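The values are calculated or read from the model by the stated rules, or taken from the named source; none is laboratory data. Source: prediction; values computed, not measured. Here the Cβ positions follow ideal geometry from the backbone for every residue, glycine too, while neighbour counts run over all protein chains shown.
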Amino acid sequence: MREELVALAKLAAMDASARHVEEELRELPARIESMRADVQVLESLLAQERAQLGEAEALRGAQADDLEARRASLANARKKVAQAHNLREANAAEREVEVNRQAIRDRESELERIGEAVEAKRASLAAREAQFEEARGMFEQEERRSSSRIEELAKERDALLEGRDKLVSDLPTKLFKRYERLRQRIPDVVAVLDSETCTGCRMALPPQRFVDAQKGEIVDCPQCRRIVVYKGLLEP
């Protein structure tokens, strides 16, 4: 059992030395994905604004066509006034002239309003495009930097964890699984101590547990659940 405890303590020390590297290896891809999502949101908003601008320009075109049609109708109505043969025809033509005049005023007012909206949308779109290009440039730069950093960290982790598989093979499967479960919840799973005080939570172990640890038995701290290893067992 002493050899297994020595292997466990070495494994815990090895994993602790590589913890900051593994944390960064987890954080970097997550940060890149977050930036990618932000860029995609901006791209989606940009597409929406482009579509809105296209709709506004199409509406302005339709209103301009209608305005030209109204002006043509006005010209025809004026001809009718000039060619009227009696008062009834003249009055009808005058009414038609007035209806077209009012429609033309309404279309001109509407065209002015739409034109202002189109220009405002173009300005907003230009600002959104600049924002998107800036965000995309930052993302691509960060993605390249992170890719290079991940390669460096992977090499560093491999160097720090060299020999880990051998240590794992020296442990009983049940003990290693217990170690891995604990490692998901708490740092420094193994507490190496030379007194009754747990180095993980600073609480005193019950006397019998400390005696068992000194004997080389698998003992855990009742407070923090770390696996306790007596320091004297690790010394040559």
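Worth a mention:
- Condition check for Glu110: surrounded by 15 or more Cβ atoms within 10 Å (Cβ to Cβ) and either of a type in the set (Ser, Thr, Tyr) or in the same structural domain as Ala126 (by TED's automatic domain parsing) (or both): yes
- Hits in segment 139-159 (condition: within 17 Å of Glu22 (Cα to Cα) and either among the basic types (Lys, Arg) or without any contact (Cβ under 8 Å) to a residue 60 or more places away in the chain (or both)): Ser147, Ser148, Arg149, Glu151, Glu152, Lys155, Arg157, Asp158, Ala159
- Single condition Ala62 does not satisfy, out of (1) closer than 30 Å to Lys174 by Cα; (2) small (Gly, Ala, Ser); (3) surrounded by fewer than 17 Cβ atoms within 10 Å (Cβ to Cβ): (1)
- Scanning segment 166-177 for residues that are over 12 Å from Glu4 (Cβ atoms) and assigned by TED's automatic domain parsing to the domain that holds Val219 yields a single hit, Lys177.
Quick grid of which residues meet (1) exposed (fewer than 15 other Cβ atoms within 10 Å of the Cβ); (2) closer than 30 Å to Ile32 by Cα; (3) in contact with a helix residue (DSSP H, G or I) (Cβ under 7 Å, 6 or more places away or on another chain); (4) modelled with pLDDT under 90:
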residue	(1), (2), (3), (4)
Leu67	no, no, yes, no
Glu94	no, no, yes, no
Arg105	yes, no, no, no
Glu152	yes, yes, no, no
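- Restricting Gln208, Gln131, Gln223 to those that are out of contact with any Pro (no Cβ under 8 Å at 6 or more places or on another chain), polar (S, T, N, Q) and within 28 Å of Glu23 (Cα to Cα) reduces the list to Gln223.
- Leu171 vs. criteria part of a loop (DSSP other than H, G, I, E, B), surrounded by 15 or more Cβ atoms within 10 Å (Cβ to Cβ) and either at pLDDT 95 or above or not β-branched (Val, Ile, Thr) (or both): yes
- Residue in segment 187-195 that is outside the structural domain of Pro29 (by TED's automatic domain parsing), under 29 Å from the mean Cα position of the chain (by Cα) and either part of a loop (DSSP other than H, G, I, E, B) or at pLDDT 95 or above (or both) present: yes
- Number of residues in segment 190-203 that are surrounded by 14 or more Cβ atoms within 10 Å (Cβ to Cβ) and more than 12 Å from Ala9 (Cα to Cα): the value is 6.
- From Ala12, Ala77, residue being modelled with pLDDT under 90, in a helix (DSSP H, G or I) and surrounded by 15 or more Cβ atoms within 10 Å (Cβ to Cβ): Ala77
- Scope segment 160-210; condition without any contact (Cβ under 8 Å) to a residue 40 or more places away in the chain, touching a strand residue (DSSP E or B) at 6+ places or on another chain (Cβ under 6 Å) and of a type outside the set (Asp, Glu); matching residues: Ala191, Thr197, Cys198, Thr199, Gly200, Ala204, Arg209
- Screening the candidates Arg95, Arg70 for the property of being farther than 30 Å from Glu133 by Cβ and within 60 Å of the chain's Cα centre (by Cα) yields one hit, Arg70.
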